[in-house]
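Asker: I'd like to ask you about the structure that follows.
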Amino acid sequence: MKAVITSGNKQYLVAEKETLLVDKLPEDRQELTFDALLTIDGQKTAVGTPTVKGAKVVAKVVDPLVKGEKTRAIRFKAKKRVHKIRGGRRQMSRIEITSIK
């Protein structure tokens, strides 16, 4: 069974026993419940307008703080000897989907 959930203004297609990286969550949370499901695909596909009523996804936080990939932003002006390089690593959380109901 698959479902589309929303976390941190992003949508994720998830299945049971799957791990994924989402934007950083509060560290005191050990278990999450996503109620705002957009679609559910099982024996019968249900599409919400805007959400599917009575459906939820339960997930547990495996690692509350994971650093994402490095990003670089370069600002450059030709023939002026002006350049600036900035970068960073996003803070993320790793969650595991335990059940889809």
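The values are calculated or read from the model by the stated rules, or taken from the named source; none is laboratory data. Note that the structure is a prediction, hence the values are computed from the model and not measured. Here the Cβ positions follow ideal geometry from the backbone for every residue, glycine too, while neighbour counts run over all protein chains shown. Areas reflect the complete protein model, heavy atoms only, side chains present, ligands, DNA and RNA absent. Shrake-Rupley method; radii C 1.70, N 1.55, O 1.52, S 1.80 Å.
Asker: Which pairs have Cβ atoms under 6 Å, sit 6 or more apart or on different chains, and link a residue in the range 1-19 that is more than 16 Å from GLU31 (Cα to Cα) to one that is of a type in the set (S, T, N, Q) and open to solvent by less than 90 Å² (accessible area, probe 1.4 Å)?
Answerer: Going by the 6 Å Cβ cut-off, the qualifying pairs are VAL4/THR39.
Asker: Six or more apart or on different chains, Cβ under 9 Å: which pairs go from a residue in the range 26-45 that's in contact (Cβ under 8 Å) with a residue 24 or more places away in the chain and within 11 Å of SER7 (Cα to Cα) to one that's surrounded by 10 or more Cβ atoms within 10 Å (Cβ to Cβ) and among the polar types (S, T, N, Q)? Could you list them?
Answerer: LEU32/SER7; PHE34/THR6; PHE34/SER7; ALA36/THR6; ALA36/THR51; LEU37/THR6; LEU37/THR51
Asker: Can ARG89 be described as of a type outside the set (Asp, Glu) and open to solvent by 90 Å² or more (accessible area, probe 1.4 Å)?
Answerer: It is true that ARG89 is of a type outside the set (Asp, Glu) and open to solvent by 90 Å² or more (accessible area, probe 1.4 Å).
Asker: Related question: Report, by residue number, each residue of the range 1-10 that is surrounded by 10 or more Cβ atoms within 10 Å (Cβ to Cβ) and modelled with pLDDT of 85 or more.
Answerer: Hits for the range 1-10 are LYS2, ALA3, VAL4, ILE5, THR6, SER7, GLY8.
Asker: If you check every pair at least six apart or on different chains, which have Cβ atoms under 6 Å apart with a residue in the range 73-94 that is under 30 Å from VAL58 (Cα atoms) first and a residue that is in a strand (DSSP E or B) and open to solvent by 90 Å² or more (accessible area, probe 1.4 Å) second?
Answerer: Within 6 Å, the pairs are ARG89/LYS67; ARG89/LYS70.
Asker: If you don't mind, another one. Condition first: loosely packed, with under 15 Cβ neighbours inside 10 Å and at pLDDT 80 or above. Now tell me which residues in the range 28-45 satisfy that.
Answerer: Answer for the range 28-45, where residues must be loosely packed, with under 15 Cβ neighbours inside 10 Å and at pLDDT 80 or above: ASP28, ARG29, GLN30, GLU31, THR33, ASP35, THR45.
Asker: Picking from LEU65, LEU13, LEU21, which residue would you name as being hydrophobic (A, V, I, L, M, F, W, C), under 15 Å from SER99 (Cα atoms) and open to solvent by 60 Å² or more (accessible area, probe 1.4 Å)?
Answerer: LEU13
Asker: Follow-up question, since we're still on this one. Look at the range 24-51 and say how many of its residues are part of a loop (DSSP other than H, G, I, E, B), over 15 Å from the mean Cα position of the chain (by Cα) and closer than 11 Å to ILE100 by Cβ.
Answerer: Total meeting the criteria: 1.
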